[in-house]
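Structure first, then comments.
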Amino acid sequence: MMETTLDKDLFDKIDGIIHAYEHDRHNLVQILLQAQDLIPRHYIPMEVATYIGEQLGVPLSKVYDVISFYSALSDRPKAQHVIQLCKSTTCRVNKYQTVRDVLERELDIKMGEITSDGKFALEYSACFGACDISPAFRIDTEVFGNLNEEKIRQILDRYRGECNE
Amino acid sequence: MKKKYVKSLIGIGVNAMNKTVSLISKNFKNLDPKSLQEYLHAGGYLGLEKALASTPAQVIQEVKKSGLQGRGGAAYPTGRKWEQAAAVEGPRKIVICNADEGEPGTFKDRYLLQYDPFKIIEGMTIAAYAVGATEGYIYIREEYKKLQDQMKIVIASALEGGFLGDNILGTGLCFHIKVVSGAGAYVCGENSTLIESIEGKSGRPRIKPPYIKEKGLFGLPTLVNNVETFSVIPVIFEIGAEEYSKYGTEFSKGTKLISLCGNIQYPGTYEIPFGLTLREIIYDIGGGIRDGKKLKFLQLGGASGAILPASKIDIPYTYEDFEGNGLTIGSGAILIADETNKVVDYMKSVQDFFLHESCGKCTPCREGNRQLSKIINRFVSGTASIEDFQTVERFARVMKYCSFCGLGQTAPSALLSAIQHFPDEFYQQIHKVRKIM
Ligand SMILES: Cc1cc2nc3c(=O)[nH]c(=O)nc-3n(C[C@H](O)[C@H](O)[C@H](O)COP(=O)(O)O)c2cc1C
Ligand code: SF4
Ligand code: FES
């Protein structure tokens with residue numbers, strides 16, 4: 001399943017990114033972030049890490065140092081949509097646990113798991129600056145706050161409703 | 001009903017009802033943040049024009065006169081920082097805006113990025129002129145992806161309008177700004193770590209010296225300031241340092257954006273003059289505690305700041321009063337916790353954060369946070385022992401004095417203050433004590 005996404009088209013696009021960043025190894029983090037955005041299931045496959053490293057003249061170990069260090073980068077496939085629930089301080093006093101319980105029940109998975117259809121991944125996150133609308137989660141880059149059971153269901157339905165590409 | 005006689009005594013921009021002011025927040029929700037025209041119409045770039053009419057040395061003097069202290073957490077005097085940056089020789093110098101905003105409970109820079117992005121780049125441009133820099137970077141956290149995109153648009157139109165580029169406002173001043181994305185690491189908010197990250201590396205702090213001002217990004221002289229700090233700059237030039245410093249107190253000049261959040265009626269970002277009490281902030285601005293509950297404690301300045309019990313909320317919000325009470329203004333976060341929260345459980349969320357965010361470079365922080373986490377877990381599950389108190393204190397001291405960067409140095413401050421103010425809640429969780437009680 002994964003292999004089909006690693007086609008020539010993807011590598012062409014990655015070339016485009018590397019080119020826009022002038023083949024400069026100082027832009028490794030930026031290039032990895034943008035490449036990851038192109039890849040379904042939000043991760044950097046080994047082939048892509050190797051390719052970017054080669055193109056920039058950065059050793060693979062350094063590429064993986066970066067991928068493993070930053071929370072926004074992953075070396076393992078996640079899901080079509082990644083739900084990140086904040087469990088930092090403000091969301092703690094605003095009882096993120098209630099949100100977690102609804103999410104786990106609705107998706108029938110536990111935190112840290114992926115739904116069997118590969119549609120949703122559920123994970124915790126540190127504060128992402130949405131404390132004024134806490135409790136909050138992010139789905140990919142979209143932030144949702146002031147959550148209650150009703151609202152969470154509506155949000156999930158919206159994402160469930162979209163067709164698989 | 002008594003007439004509101006105060007109204008006549010209050011200067012421009014002061015709102016009698018809720019005690020907030022609007023200097024740097026004046027454009028919030030009042031204009032299209034992407035529109036240069038609307039920004040100009042609202043008085044934007046007057047500050048830059050005035051600054052460019054003075055010499056760089058005069059600009060620095062004006063910033064010094066304003067009394068502005070860095071709003072990123074460390075409260076270093078901005079004028080002095082600029083003076084030092086200007087004194088470093090070099091043909092190529094850098095100005096960086098720190099928009100990493102990773103401190104839990106903090107979102108005030110997000111408001112600036114979202115509602116008044118031009119003000120940030122205007123402030124950076126004035127800084128570039130003052131210190132002699134030609135290249136600028138805004139490092140915006142990955143979580144604010146949409147604001148990165150908006151900032152790119154804003155920069156492009158400033159460039160087109162002649163407010164950035166090779167000949168700014170026809171004065172020959174040259175300054176370009178690039179947007180760089182963070183990738184989800186709190187420690188990258190620390191100056192030198194942020195620079196490592198812009199250079200494409202994983203985020204681990206650098207040893208200092210050499211200082212950032214001499215050898216920063218790409219080994220070039222570099223000035224780093226916070227988003228809010230840069231946003232104050234155009235205001236200082238627009239209304240004058242003297243006028244700006246009339247707000248606040250003798251040792252805490254001007255206004256501050258606070259991030260008010262938690263179990264509060266009206267969470268949000270507010271601009272206040274320094275000197276209001278925490279009580280005024282909570283009840284007059286924030287509308288009090290949500291759902292009619294009672295206030296239990298606050299955490300000030302983010303996860304790295306101390307806990308304060310409800311009984312102490314008459315402390316004024318100033319650098320000097322905070323310091324005298326073992327508190328820090330820090331990022332400006334004010335997190336409100338009501339009576340339903342257990343202090344020990346809350347401390348777990350603080351500790352989980354530091355355990356996750358420690359970069360692992362130095363032992364006191366990496367191992368200290370691991371041990372503190374284990375101890376807090378014991379308190380949460382009610383299996384702690386009396387020795388755990390001593391261990392916490394010993395480890396916290398080592399972390400405070402021996403950690404390589406601010407993350408490890410400040411990580412235990414919340415826990416220590418929590419034990420100090422709420423000892424009973426910890427004692428209750430000790431196995432043997434509970435049996436006796
Ligand atoms: C672990 C750590 C995280 C930090 N995070 C931020 C941040 O997110 N934003 C910020 O402006 N400053 C942050 N700082 C403070 C910066 O190192 C630096 O002092 C600040 O950006 C300087 O700007 P200022 O003088 O305008 O405050 C952090 C410091 C440490 C030690
Ligand atoms: S104090 Fe913590 S975050 Fe800072 S260098 Fe040491 S391990 Fe890294
Ligand atoms: S603490 Fe949850 S978004 Fe800030």
Convex hull over the alpha-carbon atoms of the protein assembly as shown: what's its volume per residue in Å³?
170 Å³
Under the definition of Cα pairs under 8 Å and six or more residues apart, what whole-number percent is the relative contact order of region A:8-97?
27 percent
Do the sum for the protein assembly as shown: with -39,500 (n - 2.57) for every DSSP H run of n ≥ 4, divided by all residues, what is the mean residue ellipticity at 222 nm, to the nearest 500 deg cm²/dmol?
-12500 deg cm²/dmol
Can you give me the relative contact order of chain A as a percent, contacts being Cα pairs under 8 Å and 6 or more apart?
18 percent
For residue A:82, the residues 5 or more places away or on another chain with a placed amide H closer than 5 Å to its own amide H are A:121, A:140
Say the dipole of region A:81-161 comes from +1 at the beta carbon of Lys and Arg and -1 at that of Asp and Glu; which of A:84, A:136, A:109 then lies farthest toward its positive end?
A:136
Jot down the radius of gyration and Dmax of region A:8-69, Cα atoms only, both in angstrom.
10.3, 28
Using the Kirkwood formula on alpha carbons, the hydrodynamic radius of region B:210-312 in angstrom works out to 16.3 Å
Size of electric dipole in region B:36-244: Cβ of Lys, Arg +1 and of Asp, Glu -1, about Cα centre, debye, nearest 20:
580 debye
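For region A:1-98, which GluC sites (Glu not before Pro) pass both filters: DSSP loop (anything but H, G, I, E, B) and at most 11 other C-beta atoms within 10 Å?
In loop regions of region A:1-98 (DSSP not H, G, I, E or B), the sparsely surrounded GluC sites (Glu not before Pro) are A:22.
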Going by the alpha-carbon gyration tensor, a ≥ b ≥ c the square roots of its eigenvalues, is region B:104-225 rounded (a/c under 1.5) or, if a/c is not under 1.5, prolate (a/b greater than b/c) versus oblate?
oblate
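Please report, in debye to the nearest 20, how large the charge dipole of region B:235-382 is about its Cα centre when each Lys and Arg carries +1 at its beta carbon and each Asp and Glu carries -1 there.
Its charge dipole is roughly 880 debye.
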Which number do you get for Rg(Cα) / (2.2 N^0.38 Å) in region B:378-437?
1.24
Taking a ≥ b ≥ c as the square roots of the eigenvalues of the Cα gyration tensor of chain B, is the shape rounded (a/c under 1.5), prolate (a/b larger than b/c) or oblate?
oblate
Averaging 1/r across every pair of distinct alpha carbons in chain A and inverting yields a Kirkwood hydrodynamic radius, in angstrom, of 17.2 Å
Return the whole-Å distance between the Cα centroid of region A:4-65 and the Cα centroid of region B:110-140.
29 Å
With the 8 Å Cα cutoff and a minimum separation of six or more residues, chain B has a relative contact order in percent of 16 percent
Based on alpha-carbon centroids, what's the gap between region B:29-85 and region A:104-132 in Å, whole number please?
42 Å
Listed residue (B:316, B:121, B:200) projecting farthest to the positive dipole end of chain B, Cβ model:
B:316
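When the Cα atoms of region B:304-437 are enclosed in a convex hull and the volume is divided per residue, what value in Å³ results?
In region B:304-437, the Cα convex hull volume per residue is 112 Å³.
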Give the average, rounded to an integer, of partner chain Cβ atoms located within 10 angstrom of each Cβ in A:128-139.
6
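Determine the gain in length on full extension of the stretch residue B:371-residue B:55; use 0.36 nm per residue of separation and subtract their C-alpha separation, reporting nm with one decimal.
The span from residue B:371 to residue B:55 would gain 108.4 nm if fully extended.
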If the cut-off is a Cα-Cα distance under 18 Å, which aspartates and glutamates reach residue B:29, setting aside same-chain residues fewer than 8 apart in sequence?
A:132, B:38, B:109, B:116, B:228, B:271
Going toward the positive end of the dipole of chain B, with +1 on Lys and Arg Cβ and -1 on Asp and Glu Cβ, which of B:39, B:230, B:287 do you reach last?
B:287
For region A:81-161, what is one quarter of the convex hull surface built on the Cα atoms, given in nm²?
4.6 nm²
Averaging over all projection directions, find the projected area of the Cα convex hull of region B:255-319 and quote it in nm² with one decimal place.
4.1 nm²
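FYI, it's all coordinate maths here, none of it is from the lab. Because the structure is predicted, anything quoted here is derived from the model rather than measured. Virtual Cβ from ideal backbone geometry, glycine too; neighbours counted across all protein chains shown.
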